[in-house]
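K.L.:
Take a look at the following structure, please.
The values are calculated or read from the model by the stated rules, or taken from the named source; none is laboratory data. All values reported here derive from a predicted model rather than from experimental measurement. Note that each Cβ is placed from the backbone with ideal geometry, even for glycine, and that neighbours are counted across all protein chains shown. Note: areas computed on protein heavy atoms with side chains; ligands, DNA, RNA excluded. Shrake-Rupley method; radii C 1.70, N 1.55, O 1.52, S 1.80 Å.
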Amino acid sequence: MKKIYIISSIALAGFMTSCYDLNTEPMSSVITEAQREEIVSKDPAAIDAISSGVYANYNGFEMCYGDLLDFGYPAVMLQLDSRTSNFLSANADLYGWFAECAEYLDNTATSVYTLIRWRLPYNIIFTANQVLSTIDENTEDGLMKYYRGQAYGNRAFAYWFLAQIYQFNYANHQDSPCVPIITEENADEVAVDGAPRASVKDVYAQILSDLNKGIELMTDNSQATRADKRYIDLNVLYGLRARTYLCMEDYTNAAADAQTVINSGAFTPLSPSAAIGPGFIDLDSANWIWGIYMASEDVNGLYTLSGMMGSYTYGYAYAGMWKCITNTLYGQISESDPRKLWWIGPSGNSNAQYYTNADGNAAAYLEESGFPPYAVTKFAPYGNVLGQSQNQAEYPLMRIEEMYYILAEAQGMGGNLAQGIQTLENFVNSYRWLDRNNPYKCTAANTEDFISEIFFQRQVELWGEGMTYFDVMRLNLDIDRRGTNWSDPVYGMTNYAYYIPAGSDVLLSQIPRSEIDNNKQITDADNNTPGVASL
């Protein structure tokens with residue numbers, strides 16, 4: 001087990017963290033009160049290094065497990081997408097990357113994937129706790145308040161992630177066991193005595209508490225201004241709280257927070273012409289609220305989301321592991337929807353025909369690469385250079401388009417179906433529709449139809465961005481791959497064409513074996529049942 005040494009690490013320009021389990025040594029043995037005061041008084045810049053260090057967890061390479069498949073949160077995004085119905089990795093067994101996720105063998109206590117899904121968010125939590133332990137909670141300094149607010153936001157995001165991986169939805173499982181809660185206040189005690197699984201209700205209470213504190217610290221704070229979109233700011237906090245309230249089915253507050261982000265005017269959805277793509281690799285994009293920064297030194301060959309996902313890059317797609325949408329979901333997308341060009345259709349149509357900034361002919365490149373139907377072309381290569389082996393792409397964690405979908409869903413499910421339908425129609429017609437003479441119409445006659453349409457829209461919009469599995473869990477949906485190209489031998493995935501009913505044990509992850517061995521308050525009896533997927 002490795003420890004974090006804050007004092008020695010803050011001297012480094014890029015503060016990075018090591019991995020550790022919940023029984024990390026007490027924080028008092030890592031950084032004392034006197035050392036905290038010395039850091040703040042003698043070198044305030046060191047606080048910036050500590051605060052920035054939290055974000056190193058998002059794009060860190062082999063920080064949770066010594067293997068190439070551990071390349072930060074983008075690797076987790078691929079894990080979760082691979083568990084859904086409509087994200088298919090052709091020939092996943094060819095190299096084996098994320099094949100176990102598609103097969104639902106990734107959720108056991110001894111799985112490498114489970115270990116990464118556990119350690120990464122707890123790394124974020126522990127480094128956020130270090131920030132909160134270092135800065136006086138009663139500080140009046142605006143910049144210090146901003147750093148504390150970011151730490152609260154990062155910690156809230158980590159617990160929001162964990163809550164949906166280790167237990168079913170909030171609405172029906174408030175009293176069910178979720179994950180241990182560790183904060184800067186109880187970390188010393190936890191390091192010695194361990195921590196039990198807190199209830200879903202208590203974990204969500206912690207999430208809301210953190211977000212509320214972060215919002216309070218950043219509101220009317222002139223120094224709460226971020227250098228770029230990798231950092232959490234007030235809009236990100238409102239966006240995270242909108243997500244949280246949506247998971248809790250607190251529709252009034254979800255709508256209010258989503259509307260706050262929209263009304264900020266800081267972000268603009270992609271226009272219909274721009275939405276044709278490809279793109280989704282630039283942190284500075286006007287529609288991105290929050291994302292993962294990727295410097296050239298952070299790139300490790302093909303082991304990035306771009307290397308695994310990109311059809312226009314030299315990566316695993318070129319080797320045959322194309323990431324594809326299912327034919328059924330693709331078939332539901334209207335020809336008037338610019339997003340239909342995010343994939344190669346059965347006739348070969350894709351956004352390649354609009355890809356005029358590329359170095360070469362995109363359609364010819366895809367043809368030469370031997371693409372299968374329904375392969376994704378949503379994501380651009382670095383520098384718009386076809387066949388690019390420099391897989392330096394940034395990744396969206398939150399886009400403004402999501403806020404419109406949260407707003408529509410919250411309105412429609414919160415008692416005003418007509419308003420929700422109107423919000424959805426206005427958004428789609430403004431930003432996701434090409435035929436002005438025949439506008440999009442939502443035909444939902446009841447809330448059940450409406451939530452199905454919202455889920456469809458979110459699946460298409462956020463495909464490949466690691467969000468769909470969260471929707472499956474919060475909406476308590478089945479995973480159904482039957483009757484799709486999962487069963488087509490061309491894709492080499494026929495053995496994974498599962499039907500998994502909502503609420504099946506296999507949808508939850510187990511707490512890792514190493515955690516059970518080291519945490520005095522969690523035993524095998526406390527763990528989730530792994531379950532088995534079957535055809």
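K.L.:
Looking at Tyr58, Tyr73, which is the one that is open to solvent by less than 10 Å² (accessible area, probe 1.4 Å), touching a residue at least 12 places away in the same chain (Cβ under 8 Å) and under 30 Å from Gly301 (Cβ atoms)?
P.N.:
Details: Tyr73 fails: open to solvent by less than 10 Å² (accessible area, probe 1.4 Å).
Only one candidate qualifies: Tyr58.
K.L.:
For the stretch 427-443, what are the residues that are over 18 Å from Leu341 (Cα atoms) and either of a type in the set (Asp, Glu) or under 26 Å from the mean Cα position of the chain (by Cα) (or both)?
P.N.:
Phe427, the sole residue that qualifies.
K.L.:
For Ile289, state whether it is touching a strand residue (DSSP E or B) at 6+ places or on another chain (Cβ under 8 Å), among the β-branched types (Val, Ile, Thr), at pLDDT below 95 and not in a helix (DSSP H, G or I).
P.N.:
Details: touching a strand residue (DSSP E or B) at 6+ places or on another chain (Cβ under 8 Å): yes; among the β-branched types (Val, Ile, Thr): yes; at pLDDT below 95: no; not in a helix (DSSP H, G or I): yes.
Considered against the rule, which asks whether it is touching a strand residue (DSSP E or B) at 6+ places or on another chain (Cβ under 8 Å), among the β-branched types (Val, Ile, Thr), at pLDDT below 95 and not in a helix (DSSP H, G or I), Ile289 comes out as no.
K.L.:
If you don't mind, another one. Inside the stretch 296-317, can you point out the residues that are part of a loop (DSSP other than H, G, I, E, B) and surrounded by fewer than 21 Cβ atoms within 10 Å (Cβ to Cβ)?
P.N.:
Of the stretch 296-317, the ones part of a loop (DSSP other than H, G, I, E, B) are 299-304, 310-312, 314-317.
Those that are part of a loop (DSSP other than H, G, I, E, B) and surrounded by fewer than 21 Cβ atoms within 10 Å (Cβ to Cβ): Asn300, Gly301, Tyr314.
K.L.:
Would you mind finding the one in Ser51, Ser85 that is buried (at least 22 other Cβ atoms within 10 Å of the Cβ) and within 30 Å of Tyr146 (Cα to Cα)?
P.N.:
Details: Ser85 fails: within 30 Å of Tyr146 (Cα to Cα).
Ser51 is the lone residue from the list that is buried (at least 22 other Cβ atoms within 10 Å of the Cβ) and within 30 Å of Tyr146 (Cα to Cα).
K.L.:
Residue by residue through the stretch 202-256, note down the ones that are on the phi > 0 side of the Ramachandran plot and out of contact with any helix residue (DSSP H, G or I) (no Cβ under 8 Å at 6 or more places or on another chain). Walk me through it before giving the result.
P.N.:
Let us first name the residues in the stretch 202-256 that are on the phi > 0 side of the Ramachandran plot, namely 220, 249.
Asp220 - this is the single residue of the stretch 202-256 that is on the phi > 0 side of the Ramachandran plot and out of contact with any helix residue (DSSP H, G or I) (no Cβ under 8 Å at 6 or more places or on another chain).
K.L.:
Check Ala151 against each of (1) among the small types (Gly, Ala, Ser); (2) open to solvent by 10 Å² or more (accessible area, probe 1.4 Å); (3) part of a helix (DSSP H, G or I) and name the one condition it does not meet.
P.N.:
Result: Ala151 passes all but (2).
K.L.:
A follow-up question, please. Out of all the residues in the stretch 170-177, is one or more at negative phi and open to solvent by less than 10 Å² (accessible area, probe 1.4 Å)? Steps first, answer last, please.
P.N.:
At the first step, the residues of the stretch 170-177 found to be at negative phi are 170-177.
Imposing the further condition that a residue be open to solvent by less than 10 Å² (accessible area, probe 1.4 Å) reduces the set to none.
The answer is no, given that none of the residues of the stretch 170-177 is at negative phi and open to solvent by less than 10 Å² (accessible area, probe 1.4 Å).
Conditions (1) under 30 Å from Val428 (Cα atoms); (2) crowded, with 19+ Cβ neighbours inside 10 Å, marked per residue:
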position	(1), (2)
Ile454	yes, yes
Met473	yes, yes
Asn476	yes, no
Asp480	yes, no
Leu508	no, yes
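Conditions tested, residue by residue: (1) within 22 Å of the chain's Cα centre (by Cα); (2) farther than 22 Å from Tyr431 by Cα; (3) at pLDDT below 95.
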residue	(1), (2), (3)
Met218	no, yes, no
Leu246	yes, yes, no
Ala255	yes, no, no
Gln259	yes, no, no
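To keep it simple, each residue is scored yes or no on (1) assigned to a helix (DSSP H, G or I); (2) closer than 24 Å to Asn86 by Cβ; (3) open to solvent by 10 Å² or more (accessible area, probe 1.4 Å); (4) in contact with a helix residue (DSSP H, G or I) (Cβ under 9 Å, 6 or more places away or on another chain).
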| residue | (1), (2), (3), (4) |
| --- | --- |
| Cys101 | yes, yes, no, yes |
| Thr108 | no, no, yes, yes |
| Ile116 | yes, yes, no, yes |
| Tyr122 | yes, no, no, yes |
| Ile125 | yes, no, no, yes |
| Ser133 | yes, no, yes, yes |
| Asn138 | no, no, yes, no |
| Ala158 | yes, no, no, yes |
| Phe168 | no, yes, yes, yes |
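K.L.:
Something else now. Looking at Trp463, is it open to solvent by less than 20 Å² (accessible area, probe 1.4 Å), more than 30 Å from Trp290 (Cβ to Cβ) and not β-branched (Val, Ile, Thr)?
P.N.:
On the way: open to solvent by less than 20 Å² (accessible area, probe 1.4 Å): yes; more than 30 Å from Trp290 (Cβ to Cβ): no; not β-branched (Val, Ile, Thr): yes.
No.
K.L.:
Turning to a different aspect of this structure: All but one of (1) under 23 Å from Pro272 (Cβ atoms); (2) open to solvent by less than 40 Å² (accessible area, probe 1.4 Å) hold for Tyr431, so report the exception by its number.
P.N.:
The failed condition is (2).
K.L.:
Have a look at Thr219, Thr244 and point out the one that is free of Cβ contacts under 8 Å to residues at least 24 places away in the same chain and more than 21 Å from Ile511 (Cβ to Cβ).
P.N.:
Thr219
K.L.:
Taking the residues in the stretch 338-356 that are open to solvent by 10 Å² or more (accessible area, probe 1.4 Å) and modelled with pLDDT of 90 or more as candidates, determine which candidate is farthest from Leu462 (Cα to Cα).
P.N.:
Pro346
K.L.:
Which residues, counting only those in the stretch 383-413, are within 12 Å of Ala254 (Cβ to Cβ) and either without any contact (Cβ under 8 Å) to a residue 12 or more places away in the chain or open to solvent by less than 50 Å² (accessible area, probe 1.4 Å) (or both)? Break it down stepwise before answering.
P.N.:
Filtering the stretch 383-413 down to residues within 12 Å of Ala254 (Cβ to Cβ) leaves 402-403, 405-413.
Within the stretch 383-413, Glu402, Met403, Tyr405, Ile406, Leu407, Ala408, Glu409, Ala410, Gln411, Gly412 qualify.
K.L.:
Here's something else I'd like to know. Got a number for residues in the stretch 223-239 being open to solvent by 10 Å² or more (accessible area, probe 1.4 Å) and either within 18 Å of Glu401 (Cβ to Cβ) or among the acidic types (Asp, Glu) (or both)? Show your work before the answer.
P.N.:
Let us first name the residues in the stretch 223-239 that are open to solvent by 10 Å² or more (accessible area, probe 1.4 Å), namely 223-231, 233-235, 238.
Now drop any that are not either within 18 Å of Glu401 (Cβ to Cβ) or among the acidic types (Asp, Glu) (or both), which leaves 228-229, 233, 235, 238.
Matching residues across the stretch 223-239 total 5.
K.L.:
May I pose another question? Contact list please: Cβ distance under 7 Å, first residue in the stretch 280-303 and within 15 Å of Phe71 (Cβ to Cβ), second residue buried (at least 17 other Cβ atoms within 10 Å of the Cβ) and of a type in the set (A, V, I, L, M), pairs at least six apart or on different chains.
P.N.:
Every condition considered, the pairs that remain are Ile292/Leu397; Tyr293/Leu283; Met294/Ala393.
K.L.:
Quick one: is Ser369 polar (S, T, N, Q), within 25 Å of the chain's Cα centre (by Cα) and at pLDDT below 90?
P.N.:
Values: polar (S, T, N, Q): yes; within 25 Å of the chain's Cα centre (by Cα): no; at pLDDT below 90: yes.
It is false that Ser369 is polar (S, T, N, Q), within 25 Å of the chain's Cα centre (by Cα) and at pLDDT below 90.
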